[in-house]
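> Take this structure first; my questions come after.
The values are calculated or read from the model by the stated rules, or taken from the named source; none is laboratory data. All figures in this text were calculated on a predicted structure; none of them were measured in a lab. Methodologically, a virtual Cβ is constructed for each residue, glycine included, from the backbone with ideal geometry; neighbour enumeration extends over all protein chains shown.
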Amino acid sequence: MKTKLLDLLACPICGGDLRIAYEGKRNGEEILDGELTCVKCDRSYLITRGVPRFSALDAVEREKAETAENFGWQWTHFTQEDEKYSDQFLGWLQPVRPEFFKDKLIIEGGCGKGRHTKLAAGWGAKEIIGVDLSDAVESAFKVAKDLPNAHIVQADIFKLPFKKQFDYAFSVGVLHHTPDPKKAFLSLCSKVREGGHISAWVYGEENNEWIVNYVDPVRMGFTSRISQPLLYQLSKIPTLGVYSASKLLYRPANRLVPKAAGSLFYNTYLNKLADFGWREQHNIVFDHLVAPTAFYIPKEDFESWWEEAGAEDVEIKWHNKNSWCGFGKL
């Protein structure tokens, strides 16, 4: 934990300021082990392996803990990087562009392995804080520790340990995996100052009926309940089908006969998926099978989140014909 992070932190229980009560090992700017104490309520929070810890999995609700455990395994094993991540990220954040990040205080709701944290830092964020409940923070910290403007915090998105002073918040592919996606979104909004902005990307209900009807029962009843190492191996079977179809059918068809390709099942998404190699496609298939909780959000419901947050100049965009991107001013 970099000492300057203290200026942005607050006790998630009472909102009080935090101080460093104990500092152990340090590596340059990073405090690797220590303890934070709230000056108001005297609660303590550990800093372990460079990450301030505001939530232990044995102290959160079972549904949150199961999701965190499953995704934590994923992001400590799928640690690859891909040059296409930046374009993918911007697709989820549209209409935001890299220059929007410059000199802003930013919070990321659900940072996973830290790939978007790293991009935001490189695009000039004044400070970017990646938050995750899972063990993914271990991988994210390895990415962020050498970036002077990047920080990783382990916390529950429903109990964020921050002051209300951020210029921008974003959450990509996380809200729909929480027990209450709208409540998680509003919690993130609560840390953005007046005049700041927020982005969110979620699974859409529209055009995903086949997943809800056929894939979800398998996910909920089987794949999310087995061990992650076993699922890692089993998920290679559907990945082979997806990879072969995207590379051998969808990509050639969209290049050679684009009009005819438009009638193919799930064409927009599977053609886009062909941009990625085996490792990333395996990650994506695994991601869809590992989560104990997943919601598919109708556009009408997604729009209501922004209304409840009091957002202005809201832009809702249909992404790859299977998901919703939102951007607005608070």
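> Against the condition in contact with a Pro (Cβ under 9 Å, 6 or more places away or on another chain) and assigned to a strand (DSSP E or B), how does Phe327 come out, does it pass?
yes
> While we're on this one: Mind listing whichever residues of the range 283-330 are hydroxyl-bearing (Ser, Thr, Tyr) and closer than 26 Å to Asp87 by Cβ? Outline the logic, then answer.
Residues of the range 283-330 that are hydroxyl-bearing (Ser, Thr, Tyr), as a first pass: 293, 296, 304, 323.
Passing the criteria: Tyr296, Ser323.
> Based on this model, can you work out whether Ser244 counts as in a helix (DSSP H, G or I), exposed (fewer than 14 other Cβ atoms within 10 Å of the Cβ), in contact (Cβ under 8 Å) with a residue 60 or more places away in the chain and not β-branched (Val, Ile, Thr)? Before the answer, list the steps.
On the way: in a helix (DSSP H, G or I): yes; exposed (fewer than 14 other Cβ atoms within 10 Å of the Cβ): yes; in contact (Cβ under 8 Å) with a residue 60 or more places away in the chain: no; not β-branched (Val, Ile, Thr): yes.
It is false that Ser244 is in a helix (DSSP H, G or I), exposed (fewer than 14 other Cβ atoms within 10 Å of the Cβ), in contact (Cβ under 8 Å) with a residue 60 or more places away in the chain and not β-branched (Val, Ile, Thr).
> Same structure again: Looking at the range 306-318, which of its residues are within 18 Å of Glu206 (Cβ to Cβ) and surrounded by 18 or more Cβ atoms within 10 Å (Cβ to Cβ)?
Trp306
> Let me ask another. I'd like to verify a number: residues in the range 200-215 that are touching a helix residue (DSSP H, G or I) at 6+ places or on another chain (Cβ under 9 Å) and either part of a helix (DSSP H, G or I) or without any contact (Cβ under 8 Å) to a residue 60 or more places away in the chain (or both), how many?
Residues flagged as touching a helix residue (DSSP H, G or I) at 6+ places or on another chain (Cβ under 9 Å) and either part of a helix (DSSP H, G or I) or without any contact (Cβ under 8 Å) to a residue 60 or more places away in the chain (or both) within the range 200-215 amount to 2.
> Within the bounds of the range 87-103, is there any residue that is over 25 Å from Trp324 (Cα atoms), modelled with pLDDT of 95 or more, buried (at least 16 other Cβ atoms within 10 Å of the Cβ) and not small (Gly, Ala, Ser)?
The answer is no, given that none of the residues of the range 87-103 is over 25 Å from Trp324 (Cα atoms), modelled with pLDDT of 95 or more, buried (at least 16 other Cβ atoms within 10 Å of the Cβ) and not small (Gly, Ala, Ser).
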